[in-house]
Amino acid sequence: MVVIASYHLAQEIVIGVNTYIWHGAEDNWSPVAMAEYLASTIPGCSSAEVFNGLSDYSCLYRAAPEICRQLGAASDDLRSPSSLQQH
């Protein structure tokens with residue numbers, strides 16, 4: 001998972017992992033168009049979800065359980081016997 005803080009970095013960074021975007025529609029610093037742009041620009045963007053009625057921190061609070069679940073699953077995948085044998 002990669003978090004990009006800048007609107008223009010997506011053009012400069014090669015991302016080789018699944019990337020998820022969670023965006024609050026009421027975020028007054030970053031418009032929804034920014035999330036849509038990142039989703040269309042990041043190769044292999046797995047998901048871009050916009051939460052209506054949420055801003056930056058309320059979106060993070062809402063998305064945190066899913067973020068933790070995905071990080072846990074990725075960590076489990078890295079520790080699986082088949083993954084260890086490939087390295």
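The values are calculated or read from the model by the stated rules, or taken from the named source; none is laboratory data. Since we're looking at a predicted model, the values are computed, not measured. All Cβ positions, even for glycine, are placed from backbone atoms using ideal geometry, and neighbour counts span all protein chains on display. Ligands, DNA and RNA are excluded from the accessible area calculation, which covers all protein heavy atoms including side chains. Shrake-Rupley method; radii C 1.70, N 1.55, O 1.52, S 1.80 Å.
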| Complete set of residues in region 44-87 that are of a type in the set (S, T, Y), at pLDDT 90 or above and within 10 Å of G24 (Cα to Cα) | S55, S58
| query | For region 59-72, what are the residues that are open to solvent by less than 40 Å² (accessible area, probe 1.4 Å) and either touching a residue at least 60 places away in the same chain (Cβ under 8 Å) or more than 14 Å from the chain's Cα centre (by Cα) (or both)? | reply | I67, Q70, G72
| message | I need the full set of residues from region 27-47 which are open to solvent by 80 Å² or more (accessible area, probe 1.4 Å) and among the hydrophobic types (A, V, I, L, M, F, W, C), in order please. | response | W29
| request: Determine if region 32-47 includes at least one residue that is part of a strand (DSSP E or B), more than 19 Å from A74 (Cα to Cα), in contact (Cβ under 8 Å) with a residue 24 or more places away in the chain and more than 10 Å from the chain's Cα centre (by Cα). | output: no
